[in-house]
Amino acid sequence: KYFNSKELIEETKVKAITDAHEPGSVMKPISLAITLKANKLLQSQGKPTIFNPDEKVDTSNGRFPGRSKPITDTHFHHYLDMKLGFQKSSNIYFARQIQKVVQQFGDSWYRHELELFGFGKKTGVELPGESAGLLPRIGKNHPNGRPEWSVPTPFSLAIGYNIQTTSLQMLQAIAVFANGGKLVSPTLIRKIV
């Protein structure tokens, strides 16, 4: 009753579900999971894979198709493998991985994979005012007339930009790793008996 009271809505707002933001680097494990899934799919089709964790990826050039500005890292590195890509939190490394995914499977496949992690949808938790966040849509325009999804969008999404998520959505997505690959809807528990 307290959290659903219309008179108390401003005082009882749970920012973890009402306020969406760009998550940033916390999206990088999601990007890697999608890259690994793409690898598995290619293997099942008897095709060459696109990802090798030990491969040294050239991260000295952050220019990507469709972007007017290059993607940058906080420090310059010539080549990074997966472990160093994570350790250095390299934007270029993860954007390069998703570039391979999109080249192989296309934008729609990549966007669908992000939806499977629950992005762009409400979690359904039992509290009012939940935001669905924003996962750019292919073929949809912003009110200013510019497309939500363009050529460089996947590279931005790979590093947690151009997407809006609530804290609970992000927690739900990361929990997929702990839940054996299953998306589990969060719920409130009053007590355990």
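The values are calculated or read from the model by the stated rules, or taken from the named source; none is laboratory data. It should be emphasised that the depicted structure is a prediction, and the values quoted were computed from it without experimental measurement. Cβ sites come from the backbone with ideal geometry, for glycine too, and all protein chains shown count toward neighbours. Ligands, DNA and RNA are stripped out before the accessible areas are found, and what is left, the full protein with its side chains, is counted by its heavy atoms. Shrake-Rupley method; radii C 1.70, N 1.55, O 1.52, S 1.80 Å.
From 76, 119, which residue is surrounded by 15 or more Cβ atoms within 10 Å (Cβ to Cβ) and of a type in the set (Phe, Trp, Tyr)?
119
If you take the residues of the stretch 1-40 that are surrounded by 13 or more Cβ atoms within 10 Å (Cβ to Cβ) and free of Cβ contacts under 8 Å to residues at least 40 places away in the same chain, which of them is farthest from residue 111 (Cα to Cα)?
12
Within the stretch 74-92, can you find the residues that are closer than 20 Å to residue 48 by Cα and either out of contact with any Pro (no Cβ under 7 Å at 6 or more places or on another chain) or without any contact (Cβ under 8 Å) to a residue 40 or more places away in the chain (or both)? Show your work before the answer.
Going residue by residue through the stretch 74-92, those that are closer than 20 Å to residue 48 by Cα are 81-82.
81 - this is the single residue of the stretch 74-92 that is closer than 20 Å to residue 48 by Cα and either out of contact with any Pro (no Cβ under 7 Å at 6 or more places or on another chain) or without any contact (Cβ under 8 Å) to a residue 40 or more places away in the chain (or both).
Between a residue in the stretch 145-163 that is over 10 Å from residue 94 (Cα atoms) and any residue that is open to solvent by 20 Å² or more (accessible area, probe 1.4 Å) and of a type in the set (Val, Ile, Thr), which pairs come within a Cβ distance under 6 Å, given they are 6 or more apart or on different chains?
From the stretch 145-163, the pairs are 149/138; 154/102.
Give just the number: which of (1) modelled with pLDDT under 95; (2) open to solvent by 20 Å² or more (accessible area, probe 1.4 Å) does residue 111 not satisfy?
(1)
Sort out which residues of the stretch 171-184 are open to solvent by 20 Å² or more (accessible area, probe 1.4 Å) and within 12 Å of the chain's Cα centre (by Cα), and write them in order of number.
Answer for the stretch 171-184, where residues must be open to solvent by 20 Å² or more (accessible area, probe 1.4 Å) and within 12 Å of the chain's Cα centre (by Cα): 171, 174.
Residue by residue, here is whether (1) within 18 Å of residue 135 (Cα to Cα); (2) touching a helix residue (DSSP H, G or I) at 6+ places or on another chain (Cβ under 7 Å); (3) polar (S, T, N, Q) holds:
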position: 1; (1), (2), (3): no, no, no
position: 13; (1), (2), (3): no, no, no
position: 17; (1), (2), (3): yes, yes, no
position: 21; (1), (2), (3): yes, no, no
position: 24; (1), (2), (3): yes, no, no
position: 30; (1), (2), (3): yes, yes, no
position: 39; (1), (2), (3): no, no, yes
position: 43; (1), (2), (3): no, no, yes
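Checking the condition assigned to a loop (DSSP other than H, G, I, E, B) and surrounded by fewer than 12 Cβ atoms within 10 Å (Cβ to Cβ), which residue from 66, 62 passes? First the steps, then the outcome.
Values: 62 fails: surrounded by fewer than 12 Cβ atoms within 10 Å (Cβ to Cβ).
Exactly one residue qualifies, and that residue is 66.
Of the conditions (1) of a type in the set (S, T, N, Q); (2) at pLDDT below 95; (3) surrounded by 10 or more Cβ atoms within 10 Å (Cβ to Cβ), residue 187 satisfies every one except a single condition; which number is it?
That leaves (3) as the condition not met.
Look through the stretch 157-170, keep the residues that are open to solvent by 50 Å² or more (accessible area, probe 1.4 Å) and touching a helix residue (DSSP H, G or I) at 6+ places or on another chain (Cβ under 6 Å), and return whichever of them is farthest from residue 110 (Cα to Cα).
Among those that are open to solvent by 50 Å² or more (accessible area, probe 1.4 Å) and touching a helix residue (DSSP H, G or I) at 6+ places or on another chain (Cβ under 6 Å), it is 167.
Listed here are the residues, each with its yes/no results for (1) acidic (Asp, Glu); (2) touching an Asp or Glu at 6+ places or on another chain (Cβ under 9 Å).
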| site | (1), (2) |
| --- | --- |
| 14 | no, yes |
| 33 | no, yes |
| 38 | no, yes |
| 44 | no, no |
| 47 | no, no |
| 54 | yes, yes |
| 68 | no, no |
| 71 | no, no |
| 84 | no, no |
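Restricting to the stretch 132-156, and then to whatever is touching a Ser or Thr at 6+ places or on another chain (Cβ under 8 Å) and buried (at least 17 other Cβ atoms within 10 Å of the Cβ), can you tell me which residue is farthest from residue 98 (Cα to Cα)?
Within the stretch 132-156, the match that is farthest from residue 98 (Cα to Cα) is 133.
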